[in-house]
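To start, the structure under review is shown below, and the notes come after it.
The values are calculated or read from the model by the stated rules, or taken from the named source; none is laboratory data. Fair warning: this is a prediction, and the values are worked out from it, not measured in the lab. Heads up, the Cβs are rebuilt from the backbone with ideal geometry, glycines too, and the neighbour counts pull from every protein chain shown.
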Amino acid sequence: MTPPLSICFLRKGESAVITGYRSHEVPIKVYEMGLLPGVVLTMKQRLPFNGPICIYIKDNPNAIALRTAEADLILIESLP
Amino acid sequence: MTETTIALVGNPNVGKSTVFNRLTGLRQKAGNYPGVTVEKKTGNFSHGHARYRVIDLPGAYGIHPSSLDEEVVYEVLADPANPNHPELVVVVGEPFNLKRAILLYQQIREMGLAAIFVVNMMDEAERAGLSIDAHKLEKVLGTKVILTDARSGKGIEALKTSLQHRPGDHEPVFSIPDEYSDAAQQVKELLGLKNDYMAWLHLSQRRNNHLAEKEAAAIAAIQRKNKINPHRLQIQETLARHTKLNGQLTHIIKDPAKKREHVTERLDKLLIHPVWGYVVFFVLLLLIFQAIYTWSGPFMDAIDNAFAWLSASASEQLPAGPLNGLLTDGIIAGIGGIVIFIPQIAILFIFISLMEESGYMSRVVYLMDRWLRPFGLSGKSAVPLMSGAACAIPAVMSARTIENDKERLITILVTPFMTCSARLPIYIIIIGLVIPQEQVIGLDLQGLVLFGMYILGIAAALGSAWVLKQLMKTNYKSFLILEMPTYKYPVVRNVALNVWDKTMGFVLGAGKIILAISIILWVLGTFGIGEQFTNAEAIVRAQNPGITEEVLENEVQSQKLEYSFLGTLGRFIEPAIEPLGYDWKMGIGLISSFAAREVFVSTMATVYSLGSTDDELTIRERMAAEINPTTGRPAYNFASGISLLLFYAFAMQCMSTIAIVRKETNSWKWTFIQLAFMTGFAYLAALLAYQLLK
């Protein structure tokens, strides 16, 4: 079985929909920021050397930056 | 007439401070919340017949706190006994993230507080073609909704009028899940709460700091007995609220969702680019430091001349002697030594608040996170470290947005290593005395050494952060979740108010200390006990027969100083500082520097003028002429000068910083460790440098 995909697996410019979380220990901020199941997001950019990533939630002009450790907790399903 | 207390609450980046500044104008003041130094802004204004006191609470995404900032919001709102507990809450949101703000609004209403709702930044929504049906929103929220654009002032009058509005009862949106109702009931009885949601809130906190120890322990016991994981309760609540809201908002927000290439996206292509983003940031840093030095030049010269004139005329008006020296060299020169830094500090804070206001600061956090993480810091530490180049006090306070306790503590502990502006007068005067005015590969050597001192400060901060990271353990996971808002033109008014607050805070704080130290020094240096002090003249005469009257007077003065209380103190610590290359007079400067570094120069001026009758020389000339009585060499030679530079680079010599660290860490242990580590390290570095160079 392939491991479930997380935001971490997205390449620049790819979009996905959030399906759930990898653990119960996801910081409350993730939820408060609106990274919730069903939300569509786009990978905007990744910084080199495993630096933080930058994503956009659909129709929201504000970007969100996450470390890869947090991004890996959020599970997704790729969108074409 | 009684005042109504209202509180502004909202998510970060919604223009809440702009709303606050619009409401109160200049009638506002910054202070601290009791117990923590999270900055509190309050202001007053009247509208019609009503008078209001407005509190600008820190930005929060939800009521459940995950940083010190958000803890303040929770405590002020949850505790009716809190002196800042409001009668009315104004919840501020922005059109693109309305759901978040409504979530916070519902939580506040369900806590039993009255609230009205503001949608700010409507101008941006209009430009994007997004519209909000305020009437429908009012029905859903059950309160008054005001659409504003605080930057232009649109809607502010309507907001002021609406402050009289008190909404009716709020129908709870969130109902406590059945499996927790027993535990919630127990908390409700324990605390005598009227409200189910308040019981739930207490149950879903990891710590209940605002409660008495006994009650907090009782809640912890209830949590344990019912196997409650507070974190999961918070998640459950947030998810439930979001699900409900999704359905309710569909008819209220009309978003054509047309493809909009925002200016922000285009700017970010450069500003957070994996390569160019860093280039831009470092060029900007260079530009800022360049600006601090070149732009401040004329202002500093003007201030310098004004104080020199003031000092000279005071010196002429008053009879010569030690009191004259206290006033002119001690107090006036000391205050001048602070005022002269206003231009530099103001310029730095202008840049910092421009970066914050425009939204660029969050990009700096994003860019720097990867490079600060190995040192046990977070990207958010970049802000305190940069502000530390102006003054450690506001810098330490700005660490409060760091969620992780360990990262926050390390940031606070290492920030005072950054070269603050108080170190500058010492660096400049010592470098001027001991570093030759030469050109090295086309660059000014003195300037290079000064630049080197800045690099040294950064290296010391990062190095000790790394050491602390190895030594400290943490229970909380470190994380970075950061919103990067759209770029905005900074509001001049916000920047001006911020710069004014920060600069005045620095000047008044340091001014008080200088005044006090100067007077204490003067008293200690003018009086003494013992044969050597009271009989100074006879002793000098006996030792130097045939001495001329003029030389005699000078000798007597310095004999008196040496045996005054101050001199006794200086000679007492001399054995400890002699290996560093300092004489006892410099020792006095060192001791008084523990109140604040910047008093070193004024202290030396007081000490040297007490010890002579000659008032003509400037501080610098006097320091250059001073001979160390033990070594017979100039007191400020290359070896002792470098040793002094290193000591001031590393030692924790600022009472205000110590006080703020104590408050912010809420721990004497860490405050003491910081003081001992920095000062011990400074001593060793200075010792090594002097012994190798002498």
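Regarding segment A:50-72, can at least one residue be identified that is within 11 Å of chain B (Cβ to nearest Cβ), part of a strand (DSSP E or B), surrounded by 13 or more Cβ atoms within 10 Å (Cβ to Cβ) and not aliphatic (A, V, I, L, M)? Yes. Of the set (1) surrounded by fewer than 23 Cβ atoms within 10 Å (Cβ to Cβ); (2) touching a strand residue (DSSP E or B) at 6+ places or on another chain (Cβ under 7 Å), all apply to B:LYS99 but (2). What about B:GLU124, is it within 33 Å of the chain's Cα centre (by Cα) and in a helix (DSSP H, G or I)? Considered against the rule, which asks whether it is within 33 Å of the chain's Cα centre (by Cα) and in a helix (DSSP H, G or I), B:GLU124 comes out as yes. Scanning segment B:353-389 for residues that are within 20 Å of B:SER67 (Cβ to Cβ), more than 10 Å from chain A (Cβ to nearest Cβ) and of a type in the set (S, T, N, Q) turns up B:SER381, B:SER387. Of the helices (runs of 4 or more DSSP H) entirely within segment B:562-679, those holding at least 1 residues that are within 22 Å of B:GLY525 (Cα to Cα) and more than 21 Å from the chain's Cα centre (by Cα) occupy B:565-577, B:584-593, B:599-610, B:619-625.
Residue by residue, here is whether (1) surrounded by fewer than 22 Cβ atoms within 10 Å (Cβ to Cβ); (2) in a loop (DSSP other than H, G, I, E, B); (3) touching a residue at least 24 places away in the same chain (Cβ under 8 Å); (4) not assigned by TED's automatic domain parsing to the domain that holds B:TRP200 holds:
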| site | (1), (2), (3), (4) |
| --- | --- |
| B:ASN44 | yes, no, yes, yes |
| B:ARG53 | yes, no, yes, yes |
| B:ALA60 | no, yes, yes, yes |
| B:ASP69 | yes, no, yes, yes |
| B:GLU75 | yes, no, yes, yes |
| B:ASN82 | yes, yes, yes, yes |
| B:HIS85 | yes, yes, yes, yes |
| B:VAL89 | no, no, yes, yes |
| B:VAL92 | no, no, yes, yes |
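The residues of segment A:40-49 that are crowded, with 20+ Cβ neighbours inside 10 Å and facing chain B (nearest Cβ under 7 Å), listed by number, are A:GLN45, A:LEU47. Of the numbered criteria (1) over 20 Å from B:LEU245 (Cβ atoms); (2) within 14 Å of chain A (Cβ to nearest Cβ); (3) touching a residue at least 60 places away in the same chain (Cβ under 8 Å); (4) not in a loop (DSSP other than H, G, I, E, B), the one B:LYS160 fails is (2).
Residues are listed down the side, and each one gets a yes or a no for (1) among the acidic types (Asp, Glu); (2) in contact with a Gly (Cβ under 6 Å, 6 or more places away or on another chain):
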position	(1), (2)
B:ALA199	no, no
B:HIS202	no, no
B:ALA216	no, no
B:ASN226	no, no
B:ARG232	no, no
B:LYS254	no, no
B:ASP268	yes, no
B:LEU271	no, yes
B:TRP276	no, no
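The one condition from (1) over 18 Å from B:HIS273 (Cβ atoms); (2) surrounded by fewer than 16 Cβ atoms within 10 Å (Cβ to Cβ); (3) in contact with a strand residue (DSSP E or B) (Cβ under 9 Å, 6 or more places away or on another chain) that A:SER23 does not meet is (3).
Within segment B:411-418, one or more residues are part of a loop (DSSP other than H, G, I, E, B), at pLDDT 90 or above and in contact with a Leu (Cβ under 8 Å, 6 or more places away or on another chain).
Only helices (runs of 4 or more DSSP H) whose full extent lies in segment B:333-372 are considered here, and none of them has at least 1 residues that are in the same structural domain as B:ALA496 (by TED's automatic domain parsing).
For the residues A:ARG22, A:ARG67, the requirement of being out of contact with any Cys (no Cβ under 6 Å at 6 or more places or on another chain) and closer than 23 Å to B:TRP371 by Cα singles out A:ARG67. Looking at segment B:531-554, is at least one residue within 14 Å of chain A (Cβ to nearest Cβ) and either closer than 30 Å to B:GLY379 by Cα or of a type in the set (A, V, I, L, M, F, W, C) (or both)? Looking through segment B:531-554, none of the residues is within 14 Å of chain A (Cβ to nearest Cβ) and either closer than 30 Å to B:GLY379 by Cα or of a type in the set (A, V, I, L, M, F, W, C) (or both). Of all the numbered requirements in (1) away from chain A (no Cβ under 12 Å); (2) crowded, with 18+ Cβ neighbours inside 10 Å; (3) more than 23 Å from the chain's Cα centre (by Cα), B:THR486 misses one, and that requirement is (1).
Say we look at segment B:514-541 and pick out the residues that are β-branched (Val, Ile, Thr) and in contact with a helix residue (DSSP H, G or I) (Cβ under 7 Å, 6 or more places away or on another chain); which of these is farthest from B:THR568 (Cα to Cα)? Residue satisfying both the conditions and the ranking: B:ILE514. The residues of segment B:491-544 that are surrounded by fewer than 17 Cβ atoms within 10 Å (Cβ to Cβ) and not in a helix (DSSP H, G or I), listed by number, are B:PHE527, B:ILE529, B:GLY530, B:ASN535, B:ASN544.
Highlighted here are the helices (runs of 4 or more DSSP H) found entirely within segment B:184-266 that include at least 3 residues which are at pLDDT 85 or above and touching a Phe, Trp or Tyr at 6+ places or on another chain (Cβ under 9 Å): B:196-203, B:230-249. All of (1) within 10 Å of chain B (Cβ to nearest Cβ); (2) farther than 22 Å from B:LEU130 by Cα; (3) assigned to a strand (DSSP E or B) hold for A:PRO37 with one exception: (3).
Here B:ALA320 meets the list (1) assigned to a helix (DSSP H, G or I); (2) in contact (Cβ under 8 Å) with a residue 40 or more places away in the chain; (3) more than 14 Å from chain A (Cβ to nearest Cβ) almost entirely, failing just condition (1). Do we find a residue being at pLDDT 80 or above and out of contact with any strand residue (DSSP E or B) (no Cβ under 8 Å at 6 or more places or on another chain) anywhere in segment B:505-517? Checking segment B:505-517: not a single residue is at pLDDT 80 or above and out of contact with any strand residue (DSSP E or B) (no Cβ under 8 Å at 6 or more places or on another chain).
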